[in-house]
Amino acid sequence: MKNRQKNRLLSAKNPDLRLRNFLKVMAKNTFRTTLFGRAALPVWLALITFGLTELFSSYPQLTETVYSQTLYPLFASVLSFISKWVSFSLDDVFYALLTVFLISLLILPLFTKLKWGKSLFLFLQTAAICYALFYWFWGFNYYRSGINERLSIAKSKPDTLQLVRVFEKLIAETNASYCSLDSISKPEMVGMVESSYKQHASFLKINYPQGTRVPKPITLSSFFAKASIAGYYGPFFGEAHVNDSLLMMEYPAVLAHEFAHQFGVTSEAEANFYSWLVCSHSNSKHLRYSSNLGTINYFLSQSRHLHNFADLVHQIDKPVIDDIRKVQKHWADMRNEQIDKAAGKVNDVYLKTHKIEKGIEDYFGVVQFVMDFETDSVAQKRVFSSSLQ
Ligand SMILES: [Zn+2]
């Protein structure tokens, strides 16, 4: 006689055994529902996403082909199509609602009939969905190939003489492009940055237009200014945010940096390089001056150890020096030391968890990329010829 038939006969005679069997089946079903039911889907989605981050980080070329060049442009187009209809930041609204919802989940069991188990499970589900969406909508770009490989720019060897030569060229270009940006409107600058991105899309390996970019002011601009945050990218709705407190001379460079993030560039150093290349190779003097002014600050802080540092500073024209000081004073006046330090720490941890080993030091990596570009004559010719197409 088969085991199952035997059990059935025994349990018919024995009610205790029947109850035990019933409980066993129930436990099995509960286990199955918990693990494979609809409620477990977000957790599975997060686990699959985590598996993909491990896979993509091991194979940057795969990330580049499958995600950055194929899937991401589709997500960017759809998200920016949704967010372009409203002038305020959907990302900021989303963060606010998410914070209220998550805090409520941790408080409600204290005052209502909501059980702790249910509340924590909802918390876990929400966190899992956000984690997965972040990567699918943008974050996998963290694992794409590096800029040198992607744009075929040869890496330059560390060389002080080359650094001085490139720095001197940058100083000369900054002096030559000096102008006031106060008479230009923000929409005009957006148009100029867009047209320069379009012009250099082929060199920068961008599937232009890849959606629409409508820059939005940071909702709490003055608070973020206390933390020295000039802009940020909102990945959940594909939004480029720019701080309302920016001086006009900073605006185009920051805007082009945030647009680079929308084009799928996650690294801060690379976004700085995209901004520099797009603005400094623009037909507009205003864009050239804004990006040169921003980049010169990175070169100044990376060259302090040079014995001829004072001579280099001496080559910068007085009106440009005045503008550098004006920008520094502007941000120093708005800065709150504690908030700035805390925000810097958060950003540092954020970047490091996304495998950017240098953390906030990553922003300074632009000096290396500008050096690489300025010492690679083939890459420079390609920028020139791609802009003629
Ligand atoms: Zn950035």
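The values are calculated or read from the model by the stated rules, or taken from the named source; none is laboratory data. From a predicted model like this one, the values you see are computed outputs, not experimental measurements. Reconstructed Cβ throughout: ideal geometry from the backbone, glycine too, with neighbour counts over all protein chains shown.
Scanning the stretch 271-308 for residues that are free of Cβ contacts under 8 Å to residues at least 40 places away in the same chain and within 14 Å of the ligand (Cβ to nearest atom) turns up 271, 275.
Does residue 268 count as touching a residue at least 24 places away in the same chain (Cβ under 8 Å) and either away from the ligand (no atom under 16 Å from the Cβ) or under 23 Å from residue 221 (Cα atoms) (or both)?
Details: touching a residue at least 24 places away in the same chain (Cβ under 8 Å): yes; either away from the ligand (no atom under 16 Å from the Cβ) or under 23 Å from residue 221 (Cα atoms) (or both): yes.
Judged against the criteria, residue 268 is a match.
Hey, does the stretch 218-226 have a residue that's in contact (Cβ under 8 Å) with a residue 12 or more places away in the chain and more than 26 Å from residue 339 (Cβ to Cβ)? Looking through the stretch 218-226, none of the residues is in contact (Cβ under 8 Å) with a residue 12 or more places away in the chain and more than 26 Å from residue 339 (Cβ to Cβ). With respect to being free of Cβ contacts under 8 Å to residues at least 24 places away in the same chain, under 19 Å from residue 370 (Cβ atoms), more than 16 Å from the ligand (Cβ to nearest atom) and not charged (D, E, K, R), residue 170 falls outside the description.
Within the option set 375, 353, being without any contact (Cβ under 8 Å) to a residue 24 or more places away in the chain and either touching an Asp or Glu at 6+ places or on another chain (Cβ under 6 Å) or among the β-branched types (Val, Ile, Thr) (or both) holds for one residue only, 353.
Conditions (1) on the phi < 0 side of the Ramachandran plot; (2) outside the structural domain of residue 325 (by TED's automatic domain parsing); (3) within 18 Å of the chain's Cα centre (by Cα), marked per residue:
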site	(1), (2), (3)
191	yes, no, no
228	no, no, yes
240	yes, no, yes
243	yes, no, yes
246	yes, no, no
253	yes, no, yes
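Every test in (1) in contact with a helix residue (DSSP H, G or I) (Cβ under 6 Å, 6 or more places away or on another chain); (2) modelled with pLDDT under 95 is passed by residue 306 save one, and that test is (1). The residue that is surrounded by the most Cβ atoms within 10 Å (Cβ to Cβ), among those in the stretch 184-202 that are more than 23 Å from residue 296 (Cα to Cα) and polar (S, T, N, Q), is 199. Across the stretch 107-138, the qualifying residues are those that are part of a helix (DSSP H, G or I) and of a type in the set (Val, Ile, Thr), and the one among them that is surrounded by the fewest Cβ atoms within 10 Å (Cβ to Cβ) is 107. From the list 348, 311, 323, the one residue that fits, being on the phi < 0 side of the Ramachandran plot, within 16 Å of the ligand (Cβ to nearest atom) and acidic (Asp, Glu), is 348.
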